[in-house]
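For reference, the structure discussed in these notes is given below.
The values are calculated or read from the model by the stated rules, or taken from the named source; none is laboratory data. Every value quoted in this text rests on a predicted model; they were computed, and no experiment measured them. A quick note on method: Cβ atoms are made from the backbone with ideal geometry, for glycine too, and the neighbour counts reach across all protein chains shown. Heavy atoms of the whole protein, side chains included, go into the accessibility calculation; ligands, DNA and RNA do not. Shrake-Rupley method; radii C 1.70, N 1.55, O 1.52, S 1.80 Å.
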Amino acid sequence: MAQELSGRVSTLALTSDMARHAAKRHALIAQNVANADTPGYKARDIGSFADVFKTYATRTDGTDRIFERSDIESPNGNSVSLEDELMRGTQVQNDYNMAISIYRSTLQMMKTAVGKNL
């Protein structure tokens, strides 16, 4: 994560990390959908941004932990549910849009504070 966890948390860095996390999660969802018919494929995901943020201070590798979801498997061993992936994709899109909206609002407030109404 870009910001320091000790001391003040930068809103811009935090929202940038939120958007980056949503993009990573979206890529995993896309992989899951692409492999929906692959025998033995296990659906993968990363934790929510809140979970990642909470545990980041205790980790030293700086990477997101990707895990296999233990959903119900089909007879061929595949654990991808297109319905679940669609719901997760919608959630991730909403998370990304929120992060970008907060980022833009923060930038606008900073510009207004320094007197540059751009």
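Here are a few things to note about the model shown:
- Ordered by solvent-accessible area of protein heavy atoms (1.4 Å probe), largest first, the residues Leu28, Leu12, Leu107, Leu82 come out as Leu82, Leu107, Leu12, Leu28.
- Put a dot 7 Å past the Cα of Met109, heading toward its Cβ, do the same for Ile66, and the two dots end up 3.5 nm apart.
- Residue-level accessible surface for Val33, protein heavy atoms, 1.4 Å, Å²: 70 Å²
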